[in-house]
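The block underneath contains the structure these notes are about, expressed in structure tokens.
Coordinate-derived values only; no laboratory data. Just so it is clear, the model here is predicted, and its values are computed rather than measured. Every residue, glycine among them, receives a Cβ derived from its backbone with ideal geometry; neighbour counts consider all protein chains shown.
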Amino acid sequence: MWLITLSVSLLVVMFVNWLMDYIKRWRMPPGPFPWPIIGNLSMFSGKSHLTFIDLAKKYGDVFSLKRGMTDVVVLNSVDALREALVEKSVAFAGRPHLQSSEIMSEGRRDMAYTDYSPAWKQHRKLVKSALRECASDKNLETQAHVALRDIIDELVSVESQAVDLHMHINNLVYNVVCPIAFGVRFDLENEDFQHLAGTEEDTYSNSPVGDIYPSLRFLPNRAKTNLQKLTGPFVEYFKHQVDRHRQEFNPDNPRDVTDHMIKAQKEAEEDGAHDITALTDTHLRQIVVDVFSGGTETTTHALRWAIQFFAAHPEIQEKVAAELDSVVGRDRLTGLGDRQNTPYTEATVNEVLRMGIPDPLSLPRATTQDTSLRGYHIPKGTMVLPNLWALHHDPDIWGDPHTFRPERFLDESGKLMPKPFAWMPFCVGRRACPGEKMGMADTYLLLGGLVQNFHFSFPVGERPDDADAPYKVVVTCRK
Ligand code: HEM
């Protein structure tokens, strides 16, 4: 009898909770019916940026969903993003308190997952100033050329074979970003490199229950344990890098982002130049992790797409090669000084980042206060997903969004035109990517160097259906 009473009481409590939540959502943007407990969970699986485009057709360009027990608002048009992230930039400058990001960032002591706060402002300022020094055009170019020379040797050794270039591309990008972040380069076989690359990919396939049901965050579950197991050695690696930097530290010669952060920490301790409570050893380590992760994952993704697009569109690949041949020649690698004379290559980079956008839903945002959008109420702490993929594939803006066509960024005389506001692979507003300049320069240099030296094609009869699936290409040296 007591079991029946308990079950009925539980059901009543759950129903009342659900009803109160349903009423709270009355003034929020419309959306599909949220089922008790699961909400609209199925809409977040797979390529949710595509599901959201379909939902926008029914509910409008701002709609809300329930991810388990968590409210989510999706922004699906350029006007919605402009109003939220630019015009109400402070109200939409937060990050959601996800259990996964809490584990990965050692309690949100980093910059990318932390709240909009004075500590975040301080970190962002320090990172931007460190990048100005360490990712200057000259340094970026040097690192990119060293990395390219290594990979060129590797690719020559697999000429004419069908190869999956995944790890080669990872290695190429790591060898630009890691020297700038913490002064380390890797060869393909290096165990640390393989561990870091593996961890980066695996962390995203582990979403703990607490991400969806925050009140259950304390319960043990496999995804949470897996994430903790992955994060432990990853953090240890960065701890070791920071310790090594402390031993070699010379305040008159900060060599990379890690040295710059140690310098800022020492200045905070010695003369109060910065807030020391936001510059503990954990913060310092996590900021280096942000630069590493922010710089590697995205550019790797962009280059993988680029090579796939090139293999699918040999005529575009040949046009880029011909432009680089005539402007740069074959005796040196493409440099950043060549950018203004190679508009077709620049336009191709823009087009790669439009169609192959590395973060289709950006990094999730959260509202920092109760606010409104398009007349709808959005409570403080609501997760907000900017669907950048929708903007990049909006037929009203691009005409033929599913065609890979760099010419869309050029005028009739072949000059580069200003990019439309809807082109935003780095997102916009307060939290927009601080590595945009570096990301654009990296992609240009690495893509340019690869196309100068190689032609990429799909093996006969093989062409991937799914752009995100692993694929092989045949690499041919340009004579
Ligand atoms: C093609 C290259 C890149 C792309 C497409 C890209 C894209 C993005 C996007 C979409 C965001 C979320 C912005 C938002 O919430 O408004 C972001 C944030 C961030 N990115 Fe990048 N990124 C790239 C390269 C880089 C590089 C090279 C670095 C560092 C050197 C970097 C560091 C970061 C950091 C630290 C954040 C968090 C910013 C914050 O929360 O304040 N990214 N990036």
- Any residue in region 391-405 that's in a helix (DSSP H, G or I): show its pairings with residues that are surrounded by 15 or more Cβ atoms within 10 Å (Cβ to Cβ) at Cβ separation under 6 Å, as long as the two are six or more apart or on different chains. L391/V78; L391/A422; H392/R354; H392/I357; P395/P401; I397/A422
- Task: Kindly provide the set of residues from region 276-329 that are surrounded by fewer than 18 Cβ atoms within 10 Å (Cβ to Cβ) and either outside any helix (DSSP H, G or I) or among the aromatic types (F, W, Y) (or both), ordered by number.
- Result: T280, H313, G329
- Which of the residues that make up region 217-231 are surrounded by fewer than 15 Cβ atoms within 10 Å (Cβ to Cβ) and in a helix (DSSP H, G or I)? R222, T225, Q228, K229
- Task: Test Q265 against the stated conditions and say whether it is more than 16 Å from the ligand (Cβ to nearest atom), in contact (Cβ under 8 Å) with a residue 12 or more places away in the chain, under 22 Å from V184 (Cα atoms) and not in a loop (DSSP other than H, G, I, E, B).
- Result: yes
- Task: Restrict the check to region 406-420 and report whether at least one residue is more than 18 Å from V349 (Cβ to Cβ), more than 16 Å from the ligand (Cβ to nearest atom) and surrounded by 17 or more Cβ atoms within 10 Å (Cβ to Cβ).
- Result: no
- Task: Can you confirm whether region 122-135 contains a residue that is more than 13 Å from the ligand (Cβ to nearest atom) and surrounded by fewer than 17 Cβ atoms within 10 Å (Cβ to Cβ)?
- Result: no
- Message: Only one of A273, A264, A302, A312 is among the aliphatic types (A, V, I, L, M) and touching a Phe, Trp or Tyr at 6+ places or on another chain (Cβ under 8 Å). Can you tell me which?
- Response: A312
- Those residues of region 421-479 which are of a type in the set (V, I, T) and within 7 Å of the ligand (Cβ to nearest atom), in sequence order: V428, T443
- In this structure, is E412 farther than 20 Å from F52 by Cα and part of a loop (DSSP other than H, G, I, E, B)? yes
- Note on the structure: Residues of region 440-479 being among the small types (G, A, S), part of a loop (DSSP other than H, G, I, E, B) and surrounded by 13 or more Cβ atoms within 10 Å (Cβ to Cβ), in sequence order, are A467
- Of the residues in region 192-216, how many are surrounded by 16 or more Cβ atoms within 10 Å (Cβ to Cβ) and of a type in the set (G, A, S)? 3
- Item | Residue satisfying condition, being of a type in the set (A, V, I, L, M) and farther than 22 Å from E436 by Cβ, within set M104, M111 | M104
- Item | Qualifying residue in region 307-316 (condition: without any contact (Cβ under 8 Å) to a residue 60 or more places away in the chain and closer than 18 Å to R405 by Cα) | yes
- Yes or no: S136 of a type in the set (S, T, Y), in contact (Cβ under 8 Å) with a residue 24 or more places away in the chain and farther than 12 Å from G295 by Cβ? no
- Message: For region 84-117, give me the residue count where each residue is over 19 Å from V289 (Cβ atoms), more than 9 Å from the ligand (Cβ to nearest atom) and part of a helix (DSSP H, G or I).
- Response: 3
- Looking at region 359-378, which of the residues that are surrounded by fewer than 19 Cβ atoms within 10 Å (Cβ to Cβ) and at positive phi is farthest from the ligand (Cβ to nearest atom)? G375
- Message: Given the options T114, T70, name the one that is β-branched (V, I, T), on the phi < 0 side of the Ramachandran plot and surrounded by 21 or more Cβ atoms within 10 Å (Cβ to Cβ).
- Response: T114
- Query: Out of all the residues in region 294-351, which are of a type in the set (D, E) and under 24 Å from R463 (Cβ atoms)?
  - Reply: E315, E318, E351
